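**Student:** Mind having a look at this structure? Questions to follow.
The values are calculated or read from the model by the stated rules, or taken from the named source; none is laboratory data. Keep in mind it's a predicted model, so treat the numbers as computed, not measured. For neighbour counting, all protein chains shown are included, and Cβ atoms are generated from backbone atoms with ideal geometry for every residue, glycine included. Please note that ligands, DNA and RNA were not included when accessible areas were found on the heavy atoms of the full protein model with its side chains. Shrake-Rupley method; radii C 1.70, N 1.55, O 1.52, S 1.80 Å.
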Amino acid sequence: MNDENYPGALAAAKKGWFSSHRWLMLRRLSQLAFLALFLSGPLVGLWIFKGTLAASRFLDTIPLADPFILLQSLVTGTIAGSTALLGGALIAGFYLVSGGRAYCAWVCPVNIITDFAAWLRLRFNLQEGLSLNRNNRYWMIGMVFLTTALTGSLVWELINPVTMLHRGLVFGFGLAWTIPLGIFCFDLFVSKRGWCGHLCPVGGFYSLLGRFSLIRVRADGRENCSNCLDCYAVCPEPQVISPALKGENGQGPVITGGNCTNCGRCIDICAERVFSFGSRFKTEYR
Amino acid sequence: MSERRESPEQASSRRKFLLETARSACGAALVGLGLGLYGNRQAMARPVYTMRPPGALPGKKFLAACIRCGQCVRACPYQTLRLARPEEEAATGTPYFSARQIPCELCENRPCIRACPSGALDPQLTDIYKARMGLAVLIDRENCLNFLGLRCDVCYRSCPLIDKAITLNALHNQRSGKHTLFLPEVHSKHCTGCGKCEKSCVLEKAAIKVVPLELAQGELGHHYRVGWEEKAKSGQSLIPEQLDLPDRMPDFTTPITPEWKP
């Protein structure tokens, strides 16, 4: 890691370790905090979120529900109860503000696993491996809806790694640990950022919300870009950077791609302070 | 066709696009095939030992509505309910209980149903005694102590609807010739399928078990009318009360066997 070409070395030298890892640490903190808030009930009897990421109640009053699961239920011809619908609307509204796939980067427990695999890849300089099309996640959404409609049962939830891992943590794993382990091995040995970046239909669904979401990463300081490519190296969805950073004819400086997870790693890693969080509106802040 | 020649780059990018699309479609279709077969198998399964919580929608409707959040499990004060793990019989992530381990205590304030956000546990089930989680069946009449002539009665005594869902029918003990058998009988009109009888059965393995309704119940032919019920419904017999059948006596004027002539 002392290699000066290693992504982040430049930023760490220029801005210091803390400010080149700020959003990363905040994000890990947020992921662990969400786990802790779900686990405090079963472990010590302090109920903050009761349920799982599929649906829960916050402080035993406010219902929350994953809109993607409600859509799957709708595809079978079932209209969920009003409590679940209200919960789904609250979650959809929350991510319309905070940035669709912010769910992936700040809440989803699978991200910790796939980020670890990506970090190992970077650390040991592994080949990219199997190249998948990033649009596969939308094909997966289609596949989920089709199989759900044909079987009349929420079949995706039998294997969904997101709910599987979270349910395992909150209610006990059984053999459910095999799926997150499979995802980890797939991401590490088969395809770089294979699951979250190419296949996961849950992330695909939140990326559709992200196309309209308010909070976005902006490249307001793009004229300072030194073309070091560190942001591309650490970004889980590097295709969203170019239009904002290098876009011409009025493109940019906002990252508008729905697949940006608002993880903020590019903000950390940039020695020239090109990126920052802001709104999706074009107004220049500086 | 050859009017507007496309450049080699255009042709190759179109080729690439078509190939990518076909690749994605194939991959998604394969995953979908596997998932569909696996999921359908799980959805079709009728596990006998897994009971759904009270108010659960029937069969596949439940699998379409339940979003696997586990709030009913948390709401259950007796830790009766659990979420199915992948290696277990019930569809992964759905709530169930095993009556022999922990039966349903039939809480009158229905905490599990009120906790359910999706409606998979029907909120219209306001009277817990109307729940039909299954039906108790005295399945082993050879080992049931009451059938052996003893006064065990434990299933009968532990039934929350004693004398309604389970009654004891007195019958002469043919074996001893002088005692009475008190045979437990379950009545589907009242049995909720809570499983307290199965839990309390004193045998090593329960002689009385709660099984899914579709397994426990037969179905009368739809044309079939039970005479005494029809009579009660209409207030009178549907046919004349005293049916006077013509008296037929053997006719002795003709020989019973005609004379045999070779």
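**Student:** Here is a check on your reading of the model: is residue B:51 open to solvent by less than 10 Å² (accessible area, probe 1.4 Å), more than 7 Å from every other protein chain (Cβ to nearest Cβ) and not acidic (Asp, Glu)?
**Tutor:** Yes; evaluated as a whole, the condition is true for this residue.
**Student:** In addition: How many of the residues in region B:91-123 are at negative phi, more than 12 Å from every other protein chain (Cβ to nearest Cβ), touching a residue at least 24 places away in the same chain (Cβ under 8 Å) and charged (D, E, K, R)?
**Tutor:** 2
**Student:** Report whether or not residue A:94 is crowded, with 18+ Cβ neighbours inside 10 Å, part of a helix (DSSP H, G or I) and within 18 Å of the chain's Cα centre (by Cα).
**Tutor:** When the stated conditions are applied, residue A:94 does not pass them.
**Student:** Next up: Taking the conditions exactly as written (facing chain B (nearest Cβ under 9 Å), over 15 Å from residue B:69 (Cα atoms) and either more than 19 Å from the chain's Cα centre (by Cα) or open to solvent by 30 Å² or more (accessible area, probe 1.4 Å) (or both)), does residue A:82 satisfy them or not?
**Tutor:** yes
**Student:** Only one of these is at pLDDT below 95 and either more than 12 Å from residue B:136 (Cα to Cα) or surrounded by 10 or more Cβ atoms within 10 Å (Cβ to Cβ) (or both): B:156, B:224. Name it.
**Tutor:** Residue meeting the stated conditions: B:224.
**Student:** Scanning for something outside any helix (DSSP H, G or I), of a type in the set (Lys, Arg), open to solvent by 20 Å² or more (accessible area, probe 1.4 Å) and over 24 Å from residue A:95 (Cα atoms), does region A:188-199 turn up at least one residue?
**Tutor:** Checking region A:188-199: at least one residue is outside any helix (DSSP H, G or I), of a type in the set (Lys, Arg), open to solvent by 20 Å² or more (accessible area, probe 1.4 Å) and over 24 Å from residue A:95 (Cα atoms).
**Student:** Another one. Evaluate region A:40-48: report whether one residue or more is at pLDDT below 95, open to solvent by 40 Å² or more (accessible area, probe 1.4 Å) and not hydrophobic (A, V, I, L, M, F, W, C).
**Tutor:** yes
**Student:** Next question. Can you find even one residue in region A:101-116 that is more than 14 Å from every other protein chain (Cβ to nearest Cβ), polar (S, T, N, Q) and in contact with a strand residue (DSSP E or B) (Cβ under 8 Å, 6 or more places away or on another chain)?
**Tutor:** no
**Student:** Can you tell me which residue within region A:135-160, out of those that are free of Cβ contacts under 8 Å to residues at least 60 places away in the same chain, facing chain B (nearest Cβ under 7 Å) and under 19 Å from the mean Cα position of the chain (by Cα), is least open to solvent (accessible area, probe 1.4 Å)?
**Tutor:** A:159
**Student:** Does residue A:85 satisfy being in contact with a Phe, Trp or Tyr (Cβ under 9 Å, 6 or more places away or on another chain) and of a type outside the set (Phe, Trp, Tyr)?
**Tutor:** Here the answer is no, as residue A:85 does not meet what is asked.
**Student:** What about residue B:175, is it without any contact (Cβ under 8 Å) to a residue 12 or more places away in the chain and farther than 30 Å from residue B:100 by Cα?
**Tutor:** The answer is no for residue B:175.
**Student:** In addition: Could you go through region A:61-76 and let me know if any residue there is part of a helix (DSSP H, G or I), in contact (Cβ under 8 Å) with a residue 40 or more places away in the chain, closer than 26 Å to residue B:66 by Cα and touching a strand residue (DSSP E or B) at 6+ places or on another chain (Cβ under 6 Å).
**Tutor:** No, that holds for no residue.
**Student:** Filtering region B:71-87 down to residues that are of a type in the set (A, V, I, L, M, F, W, C) and over 20 Å from the mean Cα position of the chain (by Cα), which residue is farthest from the other protein chains (Cβ to nearest Cβ)?
**Tutor:** B:76
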